[in-house]
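The values are calculated or read from the model by the stated rules, or taken from the named source; none is laboratory data. Just so it is clear, the structure is predicted and the values come from calculations on it, not from any experiment. We place every Cβ from the backbone using ideal geometry, glycine too, and count neighbours over all the protein chains shown.
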Amino acid sequence: MNKIKREDTVMVLAGSYKGESGRVVKIIKEKNRAIVEGINKAKKHIRPTQDNPQGGIIEKELSINLSNLGLMNKGKLVKVGFGIDKDGKRYRINKKNGNKID
């Protein structure tokens with residue numbers, strides 16, 4: 001279980017987008033990376049095809065390493081830990097106060 005999941009709000013901790021926050025769109029487990037909405041944008045040139053006869057330049061979000069992201073809960077950056085409930089399922093907790101995040 002990762003500390004950051006899809007649809008979480010995260011803040012960038014390092015790099016050129018440091019201090020900016022956004023929503024996680026996709027997690028790439030194999031590469032330990034995430035795609036965050038509005039963060040790490042790049043322009044990509046698209047060749048003309050039958051679907052897109054004009055071609056052109058589009059902006060898309062590139063992935064960012066999970067170690068450069070911090071989870072935000074209620075507008076504040078939190079450290080994430082794990083707890084186990086009675087059924088043996090793991091859940092995320094805020095390490096500072098022990099409250100459940102999920």
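Please list, ordered by first then second residue, the pairs with beta carbon atoms under 7 Å, 6 or more apart or interchain, first in the stretch 65-84 and over 13 Å from Asn97 (Cα atoms), second in a loop (DSSP other than H, G, I, E, B) and not aliphatic (A, V, I, L, M).
Within 7 Å, the pairs are Asn65/Asn32; Leu66/Asn32; Asn68/Gly15; Leu71/Lys3; Leu71/Asp8.
Residue under question is Ile101, and the condition is that it be on the phi < 0 side of the Ramachandran plot, at pLDDT below 90 and surrounded by 12 or more Cβ atoms within 10 Å (Cβ to Cβ); does it hold?
yes
I'm trying to understand the selection: among the residues of the stretch 5-16, which are touching a residue at least 60 places away in the same chain (Cβ under 8 Å), crowded, with 17+ Cβ neighbours inside 10 Å and in a strand (DSSP E or B)?
Residues satisfying the conditions are Val10, Met11.
Out of Ile39, Ile27, Ile58, which single residue is in contact with a Ser or Thr (Cβ under 9 Å, 6 or more places away or on another chain) and aliphatic (A, V, I, L, M)?
Ile39
Return only the number of the condition from (1) on the phi < 0 side of the Ramachandran plot; (2) surrounded by 10 or more Cβ atoms within 10 Å (Cβ to Cβ); (3) under 20 Å from the mean Cα position of the chain (by Cα) that Ile58 does not satisfy.
Ile58 satisfies every listed condition except (3).
With the structure loaded, tell me whether Asn94 is at pLDDT below 95 and surrounded by 12 or more Cβ atoms within 10 Å (Cβ to Cβ) or whether it fails that test.
Judged against the criteria, Asn94 is a match.
In the stretch 17-102, which strands (runs of 3 or more DSSP E) lie fully inside it and hold 3 or more residues that are out of contact with any strand residue (DSSP E or B) (no Cβ under 9 Å at 6 or more places or on another chain) and more than 19 Å from Glu7 (Cβ to Cβ)?
In the stretch 17-102, no matching strands (runs of 3 or more DSSP E) lie anywhere.
Mind counting the residues in the stretch 36-53 that are more than 12 Å from Met11 (Cα to Cα) and among the β-branched types (Val, Ile, Thr)?
2
Consider Asn2 against the criteria (1) surrounded by 11 or more Cβ atoms within 10 Å (Cβ to Cβ); (2) without any contact (Cβ under 8 Å) to a residue 60 or more places away in the chain; (3) assigned to a loop (DSSP other than H, G, I, E, B): it satisfies all of them except one. Which criterion is unmet?
(2)
Does the stretch 54-64 hold any residues that are under 16 Å from Thr9 (Cα atoms) and without any contact (Cβ under 8 Å) to a residue 40 or more places away in the chain, and which are they?
Listed by number, the residues that qualify are Glu61, Ser63.
Hey, among the residues in the stretch 29-48 that are in contact with a Leu (Cβ under 9 Å, 6 or more places away or on another chain) and more than 14 Å from Lys60 (Cα to Cα), which one's surrounded by the most Cβ atoms within 10 Å (Cβ to Cβ)?
Arg33
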